[in-house]
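Notes to accompany the following structure.
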Amino acid sequence: CPVASDLRPANGTRVCAQLYTDNSPYYDQCCAGDVLVVPPGSDVPYMPRGWSGRTSSLVVGTKCELTVWSRKAKKGKSRRFSA
């Protein structure tokens, strides 16, 4: 997985989090598959089409916090992740 401070795409803009679809019991193979990039200031009450229930790994950038909910529209239990 990338280090939290390395979350920057090729054009150099800041990224707050990256979510990945592929899972593995081996740490070096966890952050693979499709990638969902979360820019700073995002407020998304619904996962994009095809992403619900698919995230298996995530990395949160420095000075960012990612809050996720167990149900759509910010309902259910929540959990916060940070670098």
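The values are calculated or read from the model by the stated rules, or taken from the named source; none is laboratory data. Worth saying up front: this structure is predicted, and the values here are computed from it rather than measured. Because the Cβ atoms are built from the backbone with ideal geometry, glycine has one as well, and the counts that use them run over all protein chains shown. Just so you know, the surface numbers come from the protein's heavy atoms only, side chains and all, with ligands and any DNA or RNA stripped out. Shrake-Rupley method; radii C 1.70, N 1.55, O 1.52, S 1.80 Å.
Here is how the numbers come out for the structure above:
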{"item": "Flag for Thr67 being among the β-branched types (Val, Ile, Thr), touching a Phe, Trp or Tyr at 6+ places or on another chain (Cβ under 9 Å) and modelled with pLDDT under 90", "result": "no"}
{"item": "Candidate set: the stretch 28-37, residues that are among the aliphatic types (A, V, I, L, M) and within 17 Å of Gly53 (Cβ to Cβ); chosen: the one surrounded by the fewest Cβ atoms within 10 Å (Cβ to Cβ)", "result": "Val35"}
{"item": "Selected residue (only one of Ser57, Ser52 is in contact with a Cys (Cβ under 6 Å, 6 or more places away or on another chain) and among the small types (Gly, Ala, Ser))", "result": "Ser57"}
{"item": "Cβ-Cβ under 9 Å pairs, at least 6 apart or on other chains, the stretch 66-83 side farther than 19 Å from Pro39 by Cβ, far side among the β-branched types (Val, Ile, Thr) and modelled with pLDDT of 90 or more", "result": "Ser78/Thr67; Ser78/Val68; Arg79/Thr67; Arg79/Val68"}
{"item": "Residue count, the stretch 11-27 (criterion: within 21 Å of Ala83 (Cβ to Cβ), free of Cβ contacts under 8 Å to residues at least 24 places away in the same chain and open to solvent by 80 Å² or more (accessible area, probe 1.4 Å))", "result": "0"}
{"item": "Hits in the stretch 43-82 - residues which are in a strand (DSSP E or B), within 28 Å of Val3 (Cβ to Cβ) and open to solvent by 90 Å² or more (accessible area, probe 1.4 Å)", "result": "Glu65, Trp69, Arg79, Arg80"}
